[in-house]
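Just below is one structure, and these are the notes that go with it.
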Amino acid sequence: MRYFPVFFNLDAKKVLVVGAGQVALRKVCLLERTAAAITVVAPQVAPELMQRATAGRLQVAMREFAPSDLDGARLVIVATPRRAVNRWVAKLCEARGIAVNVVDDAGASGFIVPAIIDRDPVLVAVSTAGASPVLARRLRERLEAFIPRGFGELASWLRELRAAAIDKLRGSDQRRRFFETLIDGPAARRFLAGDRRGALRIAQTLLATTASSAPAHGEVTLVGAGPGDPELLTLKALRVLQDADVILHDRLVSAEILDLARRDAERVCVGKSAGAGSTAQQEINELLVHHAKLGRRVVRLKGGDPFVFGRGGEELQALAGAGIDFSVVPGVTAAAGCAAYAGIPLTHRDHAHGVTFVTGHVVAGDGENREPDWRSLSLPQHTVVFYMGLGRLEHIVARLIAHGAPAARPAAVIAQGTTAQQRVVRATLATLQGACAGMQLQSPALLVVGDVVALHDALAWFNPAADERAARSA
Ligand SMILES: C[S@@+](CC[C@H](N)C(=O)[O-])C[C@H]1O[C@@H](n2cnc3c(N)ncnc32)[C@H](O)[C@@H]1O
């Protein structure tokens, strides 16, 4: 982020506008929505600005700018038609640590003025950091249509209710839940529809019942975050994530997905690498129970789907044993997501009657009995997806061929699937290892074996690396 968004309190603070043409007028109109003390300095002043000065809404100095005009200024907006003057004023401001904006000159500006959606006291600011004012405007238009006009009044009403909530409700968790129910439920709907009395009645009842209710029961939701692309998160996963008090997440869950959670939710990385033993899992189970017993809404966020090689079942058993309420939000499992993004239809009916998801990872010391049924995995007209198989590629290929799979059977490794770093290595069982050598594939990675893999050659559609190269050379 090049620009950090903040909202200035300008009550009674001096704001200087250098320049007094139409551009300056537009900025003054914006500033007039605050209680700033506005001063305009320019040798020539647009009539509309003079009228405002006469009405006592701002001060006008009809002369050239002088450095002493900056004395006491909190913000400065520079909008003269003379670039050299604008830059000089900006430099003086910088030297004195005064925030300055030069209209249409981001390079000389210390801050930029965003497009705003004003539902005072609700204010939404939109910025593209100067990259595209048109895009910012379009976004603002959409938000204007999306945010009800009455939101400002609703916010003011909620502020009035805060004192009563602080007085009657224990702790910040209870207060947050009270306001969430208020905003998501019939009280806010009635308020926005104009029925203020009805809204107040509901709010008072809710306040009384919340105050007298027993402390909230904690609960745990196992949520599948999908294989990487944040847009593969389900709507339900997004909602649960935004409601969570605490999120226990895997190492594989990306920062972009975690950013979708409530800002003040506690985030705990409980990531395990392949091979971590049962102690780590036991600790995770205990953490889940611990947070839920504190009355929190806990989200256990896992890559892909929680029930596919995700130990979701073990965690639910622990929760059930401890009497904790739980639910599950499924996610797009890596096999489905990666195959889709690699253009490999897992059960194309001309090439496969079925698909098997199997783990390529075998816990050391577990012996031969933990090996999969290689004979069935080697059958024709069948697709096999190996999770966690990259480290055992040589072994997997050898076992499949030893159990009757032809060496020419198509096979692919998909690394970091569905993300901008996705790499697909398409080969055959015989050539796959050689094709992967030297590619520096990063985990996580999947191995897909079966005739359907050959369809990748014609159906691949997602190639972020090539797209990036094309964009660079364009
Ligand atoms: C512990 S398993 C978890 C699987 C997860 N629960 C699911 O449903 O996708 C982790 C393995 O999933 C596979 N995987 C997960 N995300 C992937 C991705 N974006 N690209 C390729 N493979 C992925 C890799 O084989 C990785 O070693």
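Each value in this text was obtained by applying a stated rule to the coordinates, not by laboratory testing. Predicted model only: the values in this text are computed from it and were never measured. Quick reminder, even Gly has a Cβ in these numbers, built from the backbone with ideal geometry, and neighbours come from all protein chains shown.
When Lys and Arg each count +1 and Asp and Glu each count -1, what net charge do the other residues less than 15 Å away from Gln22, Cβ to Cβ, add up to? Residues close to Gln22 contribute a combined charge of +1.
Output the antiparallel fraction of DSSP beta bridges having both residues in the chain, as a percent to the nearest 5. Bridges in the chain are about 30 percent antiparallel. Measuring against 29 Å, Cα to Cα, the residue pairs Lys13/Lys91; Lys236/Lys293; Lys14/Lys91; Lys13/Lys168 contain Lys13/Lys168 as the ones spanning a longer distance.
How high is the FRET efficiency from Glu48 to Gln381, r the C-beta distance, R0 56 Å, rounded to 0.05?
Working: r = 78 Å, r/R0 = 1.40.
It comes to 0.10.
Just to verify a number: FRET efficiency for Lys13 and Trp374, C-beta to C-beta distance, R0 = 56 Å, to 0.05? Efficiency computed from Cβ-Cβ geometry: 0.15. Arg197 sits among other residues whose Cβ lies under 15 Å from its own Cβ, and their net charge, with Lys and Arg +1 and Asp and Glu -1, is +1. Return, ordered by residue number, the residues of segment 30-70 whose backbone nitrogen is under 19 Å from a label point located 7 Å along Cα→Cβ of Arg96. Flagged as within label range: 36-43, 59-70. Between the Cα long axis of helix 83-96 and the first principal axis of the chain there is an angle of about 80°, rounded to the nearest 10.
Relative contact order, whole percent, for segment 14-113 stands at 27, derived from Cα pairs under 8 Å and 6 or more residues apart. Applying a DSSP loop filter and a limit of 16 other Cβ atoms within 10 Å to the trypsin sites (Lys or Arg not before Pro) in segment 117-168 leaves Arg149. Where in segment 16-31 is the amide nitrogen less than 19 Å from a point lying 7 Å along the Cα-to-Cβ axis of Ala84? 19, by backbone N distance to the label point. First measure r as the distance between the Cβ atoms of Ala193 and Ile147, then evaluate 1/(1 + (r/R0)^6) with R0 = 22 Å and state the FRET efficiency to the nearest 0.05. That pair, Ala193 with Ile147, gives E of 0.90. The C-alpha atoms of the chain define a longest principal axis, and helix 133-146 lies at about 90 degrees to it.
Expected output is a single nm value to one decimal: the length gained when fully extending between Ala55 and Val113, i.e. 0.36 nm times separation in residues minus the C-alpha distance. What is it?
Fully extending the segment from Ala55 to Val113 adds 18.3 nm.
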